[in-house]
Amino acid sequence: MASFILLSAPENSVAPTADVSDVAGAAVVASSTPQEGTSTAVEQPKLTGSRRKRTSDVWDDFKTELINGKWQAICNWCHKSYAGESTSGTSHLRTHLNNCPAQHAPVGSQQSKLKLSKCGDGKVNLETYVFDQELARKKLALMICVHEYPLSIVDHAGFRKFCGTLQPMFKVSRNTIRLDIINMFGVQKNIMVKYFAKCENRVAITTDLWTAGHQKRGYMAVTGHYVDASWNLKSFLMRFVYVPCPHNAEVICEALHACLVEWHLEKKISTVTLDNCTSNDKAMEILPDKLDTSSLMLQGSLLHMRCAAHILNLIVKDGLDVMEKGIERVRDSVAFWSTTPKRHEKFEKMARLLNNEYTCRLALDCKTRWNSTYIMLKGALQYKDVFERLSIREKKFTCPTGEDWVFAKEVCARLKVFFDVTELLSGTSYVTASLFFPQICGIRLAIRK
């Protein structure tokens, strides 16, 4: 329903890496200099007591240190420490070596590779680039958010093989990418909060509360809309939060007010748009008492706005309840030929035999969504001749009568008017407040015909 906007920030330049010989020299000096504390470096562990000589080749890349009375194995490449007791084994050390980014990093001061880039004139240039693990994870997190992919995509075998082909050094897990997304949202949120603390523009708020079917828990989404200095319409997700039961007016009002205060918008809002339910109406009666009405437009008399698309939805639902019996046979016909794959294939084959292009798949409607009823009737009317021909061959199928088809066509024409207006009012890239009144007048004139 809503999505948050990630602002572009200047990317950090990649600092040149130190020369390998300098790093190695520093390591030698550091190992030969006594360090304070309880840690004692031992390049080749001495045999004390029952300690036996280490024979595994994994110790070529590790050194042991006695830290706080316990032996630790220190990686010579990335300097991470692991258990180094004789009873700890070496499997964990070998696993680390296979994934150690420092060991597998390309040798060189810049660690640069070649890539091809295409110019605007069509020419291809050969350039260098440096692989950045943090930047790659950031772009992956952004891709998951933009396309709404599941977090589990990073654990898919195909995705891992694909990333390994592009860059073997790139490693990421589900928990890591989850934290990256949360941190990225936190950074962008702080930027937007600071922006609105100084911004003098009015912000229109839309909010919706619903219950997730699989969790049986209520969530609230709060979205802000404003026009920037360049006269561009901007929208951003302010809050997506769990709202505990009961979902009464006081709880809804408190959650919305907390969001406005957190974003420094309690004195800068223009309108608040909600669905037409009783709890929302009562919440908007309480909200002005928590705000400074002198900072609102017309002392807050225009604060509460009702969702125009939801109003149309209620009107159409009431009308379909009256006309339910008139389209019941058409609904049963669609259900009959879309129940099983075998029947659907038979229906599609008959459509081709009648030279009727099968461009719209039969789809049964959902009674709680009137737009699905319009899509169902539109598809059924397109294949009217197919239904009639199949009724001759299939004895179990009862085709709608001529009166049923005439009534369905009339209903479909009326629903198309509501469908087009609802799509127009549901736009997010343009202002819709000025479209409501003329479109409602157009619906009234269309119904009167």
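Enumerate the lysines that K194 could reach by cross-link, defined here as Cα to Cα under 25 Å, with residues fewer than 8 away along the same chain left out.
Partners found: K138, K139, K234, K267, K268, K290.
Using a cut-off of 15 Å between beta-carbons, work out the net charge of the residues near P246 (Lys and Arg +1, Asp and Glu -1, P246 not included). Kindly include the intermediate steps, with their values, before the conclusion.
Working: positive: K216, R217, K282; negative: E250, E254.
Net local charge, P246 excluded: +1.
Once phi is turned into ³J(HN,Hα) by the Karplus curve 6.51 cos²θ - 1.76 cosθ + 1.60 with θ = phi - 60°, what whole-Hz value does each residue of the stretch 317-334 show in order, with x for glycine and proline?
The phi angles translate into 4, 5, x, 5, 4, 6, 9, 4, 5, x, 10, 5, 5, 5, 5, 5, 5, 5 Hz.
Per residue of the stretch 235-246, in order, report the coupling 6.51 cos²θ - 1.76 cosθ + 1.60 (Karplus, θ = phi - 60°) as ³J(HN,Hα) in whole Hz, putting x for Gly and Pro.
Rounded to whole hertz, the list is 9, 8, 7, 8, 7, 9, 9, 6, 10, x, 6, x.
Work out from phi, with θ = phi - 60° and the Karplus expression 6.51 cos²θ - 1.76 cosθ + 1.60, the ³J(HN,Hα) of each residue of the stretch 264-281, listed in order in whole Hz, and give x for Gly and Pro.
After applying 6.51 cos²θ - 1.76 cosθ + 1.60, I find 6, 10, 5, 10, 10, 7, 9, 9, 10, 9, 9, 6, 8, 10, 5, 5, 5, 4 Hz.
Quick one: grab the alpha carbon gyration tensor of the stretch 130-198, order the square roots of its eigenvalues as a ≥ b ≥ c, and give me rounded if a/c is under 1.5, else prolate or oblate depending on whether a/b is larger than b/c. List each step's numbers first, then the result.
Details: a/c = 3.04, a/b = 2.03, b/c = 1.50.
Because a/c hits 1.5 or more and a/b exceeds b/c, the stretch 130-198 counts as prolate.
If amide hydrogens are placed 1.01 Å from N in the peptide plane, which non-local residues have theirs closer than 5 Å to the one on F62?
It is N76, by chain and number.
Add +1 for every Lys or Arg and -1 for every Asp or Glu among the other residues with Cβ under 12 Å from the Cβ of N183, and state the total. Each step should come with its number before you reach the end.
Working: positive: R137, K138, R178, K189; negative: E134, D180.
Result for the local shell: +2.
Among the aspartates and glutamates, which fall within straight-line cross-link reach of K171, defined as a Cα-Cα distance under 16 Å, with same-chain neighbours fewer than 8 residues apart omitted?
Leaving aside aspartates and glutamates fewer than 8 places away in the same chain, those within reach of K171 are D132, E134, D155, D180.
Label point 7 Å out from N248 along Cα-to-Cβ: which residues of the stretch 196-226 have amide N under 20 Å?
209-211, 217-220
Under 1.5 on a/c is rounded, so check that first for the stretch 229-365, then, if it is not, pick prolate when a/b is larger than b/c and oblate when it is not; a ≥ b ≥ c are the square roots of the alpha carbon gyration tensor eigenvalues. Show your work: numbers first, answer last.
Working: a/c = 3.08, a/b = 2.51, b/c = 1.22.
Prolate, since a/c reaches 1.5 and a/b exceeds b/c.
Greater than 25 Å separation of Cα atoms is the criterion. Which listed pairs, K346/K416; K317/K396; K317/K395; K346/K395; K378/K449, meet it?
Details: K346/K416 29 Å; K317/K396 31 Å; K317/K395 34 Å; K346/K395 14 Å; K378/K449 20 Å.
Too far apart for the 25 Å limit: K346/K416; K317/K396; K317/K395.
Pull up all non-local amide H partners of V203: gap of 5 or more, or a different chain, and H-to-H distance under 5 Å with H placed in the peptide plane.
Residues meeting the criterion, in which the H sits 1.01 Å from N, are I269, S270.
Around D281, with a cut-off of 11 angstrom between Cβ atoms, what is the net charge of the other residues, counting Lys and Arg +1 and Asp and Glu -1?
Details: positive: K282, R306; negative: D275, E285.
For residues surrounding D281, the net value is 0.
Read-outs: derived from the displayed coordinates by stated rules, not from any lab. The structure presented is a predicted model; accordingly, all values stated were derived computationally and were not measured. Cβ coordinates were reconstructed from backbone atoms using ideal geometry, including for glycine residues, and neighbour counts include every protein chain displayed.
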